[in-house]
1. Of the residues Ala118, Ala73, only one is under 30 Å from Phe43 (Cβ atoms) and touching a Phe, Trp or Tyr at 6+ places or on another chain (Cβ under 7 Å); which?
2. Name, by its number, the condition in (1) free of Cβ contacts under 8 Å to residues at least 40 places away in the same chain; (2) touching a Pro at 6+ places or on another chain (Cβ under 6 Å) that does not hold for Ser136.
3. Please tell me if Ala44 is in a strand (DSSP E or B), surrounded by 17 or more Cβ atoms within 10 Å (Cβ to Cβ) and in contact with a Gly (Cβ under 9 Å, 6 or more places away or on another chain).
4. Given the structure, is Asp174 at pLDDT below 90, loosely packed, with under 15 Cβ neighbours inside 10 Å and within 19 Å of Val56 (Cα to Cα)?
5. Ala110 passes all but one of (1) over 17 Å from the mean Cα position of the chain (by Cα); (2) exposed (fewer than 15 other Cβ atoms within 10 Å of the Cβ); which number fails?
6. Please state which one of Asp133, Asp95 is more than 20 Å from Arg24 (Cβ to Cβ), in contact with a Lys or Arg (Cβ under 8 Å, 6 or more places away or on another chain) and not aliphatic (A, V, I, L, M).
7. Go through (1) of a type in the set (A, V, I, L, M, F, W, C); (2) closer than 14 Å to Phe126 by Cα; (3) surrounded by fewer than 17 Cβ atoms within 10 Å (Cβ to Cβ) and name the single condition Val26 misses.
8. Among all residue pairs at least 6 apart or on different chains, which show Cβ distances below 6 Å where the first residue, located in the range 148-164, is among the hydroxyl-bearing types (Ser, Thr, Tyr) and the second is part of a loop (DSSP other than H, G, I, E, B)?
Amino acid sequence: MAERENRRDRRNDREEAAPEFADRLVAINRVSKTVKGGKRFGFAALVVVGDQKGRVGFGKGKAKEVPEAIRKATEQAKRSMVRVPLKDGRTLHHDMEGRHGAGKVVMRTAPEGTGIIAGGPMRAVFEMLGIKDVVSKSLGSQNPYNMIRATIDGLKKEASPRSVAARRGKKVADILRKDEAASAEA
């Protein structure tokens with residue numbers, strides 16, 4: 001009896017320890033396959049998942065029913081999460097570009113109060129990531145799959161001053177400009 005309660009307690013602890021993720025449905029596509037008896041319809045879903053504290057992932061799922069496709073996409077997104085360092089928990093550390101196929105995105109840091117200036121799929125990624133201020137532009141492909149992949153590609157290139165300093169064997173103050181170092185110390 002006591003062993004069963006311990007197992008239940010451990011299971012509850014695991015569920016509480018798992019961070020709560022927010023998800024956003026970006027695109028849903030109805031596809032059809034023509035067969036001898038007519039057409040068979042299926043659905044493809046694109047979902048972005050994040051903890052709004054610097055982790056984000058995306059996934060796609062296909063099924064005969066919409067809820068099942070969304071569930072599959074959400075599961076895949078949770079498995080493919082990446083961590084992105086954020087400056088003051090609200091914006092990017094530096095400007096960057098991301099590419100995937102014909103899709104190219106440009107992301108720039110923004111001062112506080114700017115908000116998220118981004119188009120559809122990119123906005124979903126930034127909101128799930130927890131970014132509050134960013135200016136971005138999508139160039140090339142308008143395909144939501146390629147835009148999200150290009151955005152994630154750019155975010156993977158994000159490097160915090162702390163990680164750059166550790167890689168180069170220097171102090172954070174040596175890496176930052178003088179005006180940024182003064183604000184970082186304060």
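The values are calculated or read from the model by the stated rules, or taken from the named source; none is laboratory data. If you're wondering where the values come from, they're calculated on a predicted model, not measured in any experiment. Here the Cβ is made from the backbone with ideal geometry for all residues, glycine too, and neighbour counts use every protein chain on show.
1. On the way: Ala73 fails: touching a Phe, Trp or Tyr at 6+ places or on another chain (Cβ under 7 Å).
So the residue among Ala118, Ala73 that is under 30 Å from Phe43 (Cβ atoms) and touching a Phe, Trp or Tyr at 6+ places or on another chain (Cβ under 7 Å) is Ala118.
2. (2) is the only condition that Ser136 fails.
3. Numbers: in a strand (DSSP E or B): yes; surrounded by 17 or more Cβ atoms within 10 Å (Cβ to Cβ): yes; in contact with a Gly (Cβ under 9 Å, 6 or more places away or on another chain): yes.
When the stated conditions are applied, Ala44 passes them.
4. Numbers: at pLDDT below 90: yes; loosely packed, with under 15 Cβ neighbours inside 10 Å: yes; within 19 Å of Val56 (Cα to Cα): no.
So Asp174 fails the test.
5. Every condition holds for Ala110 apart from (2).
6. On the way: Asp133 fails: more than 20 Å from Arg24 (Cβ to Cβ).
From the options Asp133, Asp95, the qualifying one is Asp95.
7. Tallying (1) of a type in the set (A, V, I, L, M, F, W, C); (2) closer than 14 Å to Phe126 by Cα; (3) surrounded by fewer than 17 Cβ atoms within 10 Å (Cβ to Cβ), Val26 fails exactly one: (3).
8. What qualifies is Ser160/Pro85; Ser160/His93.
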